[in-house]
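The values are calculated or read from the model by the stated rules, or taken from the named source; none is laboratory data. Quick caveat, the model's predicted, so the values are computed rather than measured. Cβ: placed from backbone, ideal geometry, glycine included. Neighbour counts: every protein chain shown. For the accessible areas, the whole protein counts, side chains as well, though only heavy atoms, and no ligand, DNA or RNA atoms are used. Shrake-Rupley method; radii C 1.70, N 1.55, O 1.52, S 1.80 Å.
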Amino acid sequence: MMKRFVYADNSATTKISDAVFNEMLPWLKEGYGNASSIYALGREAGFAVERARKQVADALGAQPSEIYFTGCGSESDNWAVKGAAHKLAAKGKKHIITTVFEHHAILHTCQALEKEGFEVTYLPVYENGIVRVQDVENAIREDTALVTIMYANNEIGTIQPISQIGALCREKNVWFHTDAVQAVGNVPIDVKEQNIDMLSLSGHKIHAPKGIGVLYMKKGIVIPNLIDGGGQERGRRAGTENVASIVALGKAIELACEDIPGRIAKVSPMRDKIIDALSKIPYSRVNGDRERRLNGNVNMSFIGAEGEALLLSLDLAGICASSGSACTTGSLDPSHVLLAIGLSHEVAHGSLRITINEDNDQADIDHIIQTVPQVVEKLRAMSPMWED
Amino acid sequence: MMKRFVYADNSATTKISDAVFNEMLPWLKEGYGNASSIYALGREAGFAVERARKQVADALGAQPSEIYFTGCGSESDNWAVKGAAHKLAAKGKKHIITTVFEHHAILHTCQALEKEGFEVTYLPVYENGIVRVQDVENAIREDTALVTIMYANNEIGTIQPISQIGALCREKNVWFHTDAVQAVGNVPIDVKEQNIDMLSLSGHKIHAPKGIGVLYMKKGIVIPNLIDGGGQERGRRAGTENVASIVALGKAIELACEDIPGRIAKVSPMRDKIIDALSKIPYSRVNGDRERRLNGNVNMSFIGAEGEALLLSLDLAGICASSGSACTTGSLDPSHVLLAIGLSHEVAHGSLRITINEDNDQADIDHIIQTVPQVVEKLRAMSPMWED
Amino acid sequence: MLYSDKVLEHFAAPHNVGELPDADGVGEVGNAKCGDIMKMYIKVDDGKISDVKFKTFGCGAAIATSSIATDMIKGASIEDALKLTNSAVVEALDGLPASKVHCSVLAEQAVKAALADYYRKQGVDPTPIVGEIGECEACHNL
Amino acid sequence: MLYSDKVLEHFAAPHNVGELPDADGVGEVGNAKCGDIMKMYIKVDDGKISDVKFKTFGCGAAIATSSIATDMIKGASIEDALKLTNSAVVEALDGLPASKVHCSVLAEQAVKAALADYYRKQGVDPTPIVGEIGECEACHNL
Ligand SMILES: Cc1ncc(COP(=O)(O)O)c(C=O)c1O
Ligand SMILES: Cc1ncc(COP(=O)(O)O)c(C=O)c1O
Ligand code: FES
Ligand code: FES
């Protein structure tokens, strides 16, 4: 059998698409001018940055002047949450509402703020991995500065009721931020209609390169800078503009958002085929709501098969997948997301995340469906706790 | 006459060199794995990041574990200064020493800290653009948390007495940070010998791409994170590793530092030729010490010729140069650096920065030497204040 | 600094540069400290601006606005020249970066100052006609 | 997670996997909550470990350390097997990531636990010989 290579970890990162690569290449090579410089080489770079800003704005239903380029999704999250907290603390608002299963870029930021004296409410997400709007409403207080709730979870792919939360926050006059890093391109987003005040996204999840992000901030929202310095990004985010990556992100978001229903129609049947097939493995379970989930997300647990061993075995079979989020590899703790939806430590240790997209085909799916049961079987046979 | 193109704004940004581009390309294309992922595609990316970390460490005389990749030089500066300030404030140390002519990434950061209640001493740099060690010593107090002084100034290229300041800070037991964004590759740096506790650098100044930086932090220095989140960079700087740019920076710093004396020997005579030739223009002056300056930096003022008009005219002649720093274009204020060395507003408005490097040749220099006097002449003729 | 092609064209080859030794009105606005000075010379014949020249010390936008403003009033009646606004100048240049709008104000003021000088030379008090010529706002913020 | 080639080799094709139904000593360490359990079976002949097998539930490093640790004691005298340290295991694997060193501790403990069981079955109190088999430090930090 020829060894097949199947990349099924698209929530960790994606391959730069050819269209995006071709768009960015001239700005890495000949178009190296500083976008703030006055000569032609710089002006052209400046115009390219502004075109990309427009592309991002159009994809989100925002104005270009509301788009700020950052160095990554984590930076956007940190800026939004720390910025809002510090801004509104001056008005006596020192309470933040979030969920227990946010990405660490939000959770660790909230924990850092707690050390500074802020109070944070971590809402539960129940067995289906979806926060309840009523819980948000109950948690809002006089001194609530910010609600920050992710659009779609990066591990179990569950999509949150963002429009309702947005409407609620607008009504209650509380700022609302959403980490949409996993949602962009998979869910139609309109920041105006959905009453989103701030939104984070990251290029490398949508076929742009790593190391470029965006923070959308609604006109009128002014928070302290995270990175002070030169006058770039209208004085709100310093650092020489990363022109090539900005151009790439502009193109990538345009492509990602041009046919979201088409993507869902193509990818979700493949996702369901995997879930249905792997559900036949004894002692398995699907994590997170089956319907309200990202079109490419499969997250399952197999008791008796440890997650990392599963991944290494799949790698030997040419399949790239993950268990929990990539950035917590190296930690011994089981996924906080899986614990949040009620899994025990034991079960959480044996979980697998497969994230496919439109670049995957049926042959990939078949390879996954064939391989995973064999690998689970092999590991269980090696386990001292397992009895058939 | 064929139109010549001369890029002479290398302190604003540099062209990615072919060697660097070729090194990074595979990581933009096929090697797209997340460096924290466990499968082969991710592991290879992880190893590439660690190789680059070693290259950076070797170039600075540091340990790889002391190197942290960031999103740009400005982020490194912000992290170092805000981090040190917040860390040491807990010990009652709320005083920072810097100079009046730092890059805005330091100056605006210091101003933000002043608003939070920190006290900042801005040391003078005198007519030659060089801070005095005695002034640093006099400024150090019981409650001084940090001395942050740039290694080489980005506008006038003057090199500061970093070794002496490092020794002084070590003796006085005060943390010492230096913004070495302009110095790397132009001045031999050894953080251990020079007693540097923290050092910022940026890729795009040494032929790596924009949007990648480094903060060196000596072992034992622990400051709060600027960007909280995943476990990347040993838990101290979150965000999916920008593998391609990190690899590029590793290669770029290796190349930049492999023959610094050779670079100086090649470039500084070209610099001197420009300075000598342009000094013949009446009512001109050289800004900053003539000896203790970067090998590629020319900074001069021509009374009666406004800076921006000078640049646009040079652009028409195919020469890319700047006036002040690129990131403050758009501001009406004359350069704070030129005011710091005692120029009047009027004179500061008429300044020109030409920054060459080893990619420039004699023909470039000749084109500059021919063109600048003509342009100055033309603008003076157009000025209502100028009488020959 | 995103200048339009129009701005760059006028900068590269500004129209009406120079002085008019026999000018009927001369106006100078701005100051060297803030980095922009415009001096405008007009010749008036039969209530029309028959010729106009300028000299400017300043940035690219200052030179471009001087150039286009002189174009816009050349041949115009005094009444029409008085109606020249900075926004008309900005529009004629296909826009200016926000930080450079003050240059267009300067151009409008330079025209007004030259006209005021013309009236003054005619023995007419210009203030009711031309208005007060203040300093540009940007200047005050320096 | 930067595993050496050696770790990956042992993970891909672990040596000595299985059970020994007629084992002279069996040791189990770790717990499912922290995610790693190792069970080791030894056969002893003439004071030598004539055969050894293991079963492990755990990460790649846990499986690789089990595999190499069984290799290292197979055919060795009981005395030498008792001297097996976790650092010898790490070294034999060309290193382990810091967060995975505990797995090598587990492997050392599994060997000791099997030997302790062997002594116990011989009616000898293992504690003075094998020492106390505590839980691994990493476990306690959970
Ligand atoms: C001295 C100095 N510090 C900091 C920076 C900021 O670097 P970056 O543009 O990578 O943020 C620059 C250049 O822009 C610089 O010249
Ligand atoms: C939901 C979510 N938020 C934030 C991030 C951080 O993005 P970045 O890696 O660009 O910092 C990620 C991915 O890593 C994510 O999945
Ligand atoms: S005329 Fe001086 S800034 Fe406007
Ligand atoms: S054995 Fe459980 S973490 Fe070490």
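For every residue, the table says whether it meets (1) more than 16 Å from ligand 2 (Cβ to nearest atom); (2) closer than 30 Å to residue A:15 by Cβ.
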site	(1), (2)
A:112	no, no
A:126	yes, no
A:135	yes, no
A:210	no, yes
Could you pull out the residue among A:253, A:221 that is open to solvent by less than 20 Å² (accessible area, probe 1.4 Å), outside any helix (DSSP H, G or I) and among the β-branched types (Val, Ile, Thr)?
-> A:221
Considering only residues of segment A:351-388 that are at the interface with chain D (Cβ under 9 Å from one of its Cβ atoms) and in contact with a helix residue (DSSP H, G or I) (Cβ under 8 Å, 6 or more places away or on another chain), which is nearest to residue A:187 (Cα to Cα)?
-> A:379
Top-ranked residue of segment A:180-203 - restricted to ones that are within 14 Å of another protein chain (Cβ to nearest Cβ) and open to solvent by less than 10 Å² (accessible area, probe 1.4 Å), ranked as nearest to ligand 2 (Cβ to nearest atom) = A:202
Leading residue by the ranking (nearest to the other protein chains (Cβ to nearest Cβ)) among those in segment B:320-350 that are surrounded by fewer than 24 Cβ atoms within 10 Å (Cβ to Cβ) and at pLDDT 90 or above | B:344
Can you tell which of B:165, B:130 is outside any helix (DSSP H, G or I) and away from chain A (no Cβ under 14 Å)?
-> B:130
Could you identify the single residue in B:211, B:239, B:230 that is closer than 27 Å to residue A:110 by Cα, within 13 Å of another protein chain (Cβ to nearest Cβ) and either open to solvent by 30 Å² or more (accessible area, probe 1.4 Å) or modelled with pLDDT under 95 (or both)?
-> B:230
State all residues of segment A:51-62 that are over 21 Å from residue A:187 (Cβ atoms) and not small (Gly, Ala, Ser); if no residue qualifies, say none.
-> A:51, A:53, A:54
Any hit, segment B:285-304, residues being of a type in the set (Gly, Ala, Ser), over 24 Å from the mean Cα position of the chain (by Cα) and more than 16 Å from ligand 3 (Cβ to nearest atom) = yes
Filtering segment D:29-45 down to residues that are modelled with pLDDT under 95 and of a type in the set (D, E, K, R), which residue is farthest from ligand 1 (Cβ to nearest atom)?
-> D:33
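Yes/no matrix, rows are residues, columns are (1) more than 16 Å from ligand 2 (Cβ to nearest atom); (2) part of a helix (DSSP H, G or I); (3) at pLDDT below 95:
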site	(1), (2), (3)
C:7	yes, yes, no
C:51	yes, no, no
C:84	yes, no, no
C:99	yes, yes, yes
C:105	yes, yes, yes
Identify the residue in segment B:72-92 that is out of contact with any Lys or Arg (no Cβ under 9 Å at 6 or more places or on another chain) and in a loop (DSSP other than H, G, I, E, B) and, among all such residues, is nearest to ligand 4 (Cβ to nearest atom).
-> B:90
In the set D:58, D:27, which member is in contact with a strand residue (DSSP E or B) (Cβ under 8 Å, 6 or more places away or on another chain), closer than 27 Å to residue A:339 by Cβ and either away from every other protein chain (no Cβ under 13 Å) or of a type in the set (Gly, Ala, Ser) (or both)?
-> D:58
Of all the residues that make up segment B:188-218, how many are outside any strand (DSSP E or B) and more than 16 Å from ligand 1 (Cβ to nearest atom)?
-> 9
Among D:101, D:44, D:17, D:29, the single one that is free of Cβ contacts under 8 Å to residues at least 60 places away in the same chain, buried (at least 18 other Cβ atoms within 10 Å of the Cβ) and away from ligand 3 (no atom under 16 Å from the Cβ) is D:101
Taking segment B:1-34 as the search range and keeping residues that are aliphatic (A, V, I, L, M) and not in a helix (DSSP H, G or I), which one is nearest to residue A:31 (Cα to Cα)?
-> B:16
